């Protein structure tokens, strides 16, 4: 990281899975704890425009990692679409606009693979954005994330800011949300199989057919990619992206079926019962594999495989939750 000691780095969402991993990555690269600015939700509501403006005026960050978001799995997206679109639109707009108004030249926005059309050609390249209909179950969240990308592009084009966006595939790992209803697929499966093992349950039922394919990235790999992209020299970054297509995919390059994932999670947890699929429940998109060639060509690749990542995630869950 160039001129490290002159930076004041705001990590929005530092208590979340991705934000906490970004803090770990920054510290590992030599950033001092005193240079990293954080606020809890109780200390700063990012959907409150005036509060965000006051924070930027007081702290004066020079870089921003926008990892804060309202997130959840299929069930949460179906149940709370209003909150998913409103909260994400508001916090993104407030942080990006305040960063610009207070002279922050470099910002990194973290999006999601759900920005791509439901039936996008696989693997999904950056230019698939806005070429088709979104997956209905998480469309409000996806629309908000697309707006975040376009905010970054627009402020960069109009004002000469260097606001970048990274689009991760499905993430998991330390700091994940293990809520029994509102979590993503890996933490949800880890918890359900662990509870089934403790209860001696003979079977576990999972939503959908098990046939959709998904790609999974360990969160510390995502943090590594985020810091890597943030610190790319401007000329290198601009040479590898299009002005109105400025986001970069972040993935591991491999996907598996949900059925295969469930089997792997059950093995990690050492659950030996039967796995049943409820075909009356929604599957989501049939496949979501990212084309990460752009990032790979710039010199970054994922390091943590799924098998070892699941073991680390399971150990983290056991530390965080009392069963």
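Just so you know, all these numbers are worked out from the coordinates, no wet-lab data involved. On a predicted model such as this, the values are computed, not experimentally measured, just so you know. Positions of Cβ are backbone-derived with ideal geometry, glycine not excepted, and every protein chain shown enters the neighbour counts.
General observations
- Cα-based shape type of segment 12-91, given that a ≥ b ≥ c are square roots of the gyration tensor eigenvalues and the cut on a/c is 1.5: oblate
- Here 45, 255, 220 are placed in order of increasing Cβ neighbour count within 10 Å, fewest first, which gives 45, 255, 220.
- Angle between the chain longest axis and helix 81-101 axis [Cα atoms, degrees, rounded to 10]: 20 degrees
- Segment 64-142 versus segment 242-305: alpha-carbon centroid distance in Å: 18 Å
- Sorting 276, 9 by the number of Cβ atoms found within 10 Å of their own Cβ, with the fewest placed first, yields 276, 9.
- Highest mobility in the GNM of the chain, judged by mean-square fluctuation with C-alpha springs under 10 Å and restricted to 51, 266, 223, is found for 51.
- For the chain, relative contact order (Cα pairs under 8 Å, six or more residues apart, normalised by length) works out to 20 percent.
- Label of the coordinate-derived value, volume of the Cα convex hull per residue in Å³, listed as [x] 127; [y] 177; [z] 158: [x]
- Modelled FRET efficiency - R0 51 Å, residue 234 with residue 274, Cβ distances, 0.05 increments: 0.40
- For the chain, calculated [θ]222 nm from helices alone, where every DSSP H run of n ≥ 4 adds -39500 (n - 2.57): -13500 deg cm²/dmol
- Under a Gaussian network description of the chain, with springs only between Cα atoms under 10 Å, the residue in 247, 194, 14 that fluctuates furthest is 194.
- Relative contact order of segment 1-56, pairs being alpha-carbon contacts under 8 Å that are 6 or more residues apart, as %: 35 percent
- Two-site FRET efficiency, residue 244 against residue 315, from Cβ-Cβ distance with R₀ of 41 Å, rounded to 0.05: 0.45
- Gaussian network model of the chain, springs between alpha carbon atoms under 10 Å - residue of 13, 305, 173 with greatest fluctuation: 305
- The C-alpha atoms of the chain define a longest principal axis, and helix 306-320 lies at about 90 degrees to it.
- For the chain, the longest principal axis of the alpha carbon atoms and the long axis of helix 219-230 meet at an angle near 20°.
- Computed over segment 33-152: relative contact order in percent, which uses C-alpha pairs under 8 Å that are six or more apart: 29 percent
- Segment residue 101..residue 301, full-extension length gain: 68.6 nm, with 0.36 nm per residue of separation and the alpha-carbon distance subtracted.
- Cβ crowding within 10 Å ranks 275, 321, 115, 22 as 321, 275, 115, 22, fewest other Cβ atoms first.
- Pairwise label distance in nanometres, residue 323 with residue 308, each label 7 Å out on the Cα-Cβ vector: 2.4 nm
- The simple spin-label model puts a point 7 Å past each Cα toward its Cβ; for residue 131 and residue 263 those points are separated by 3.2 nm.
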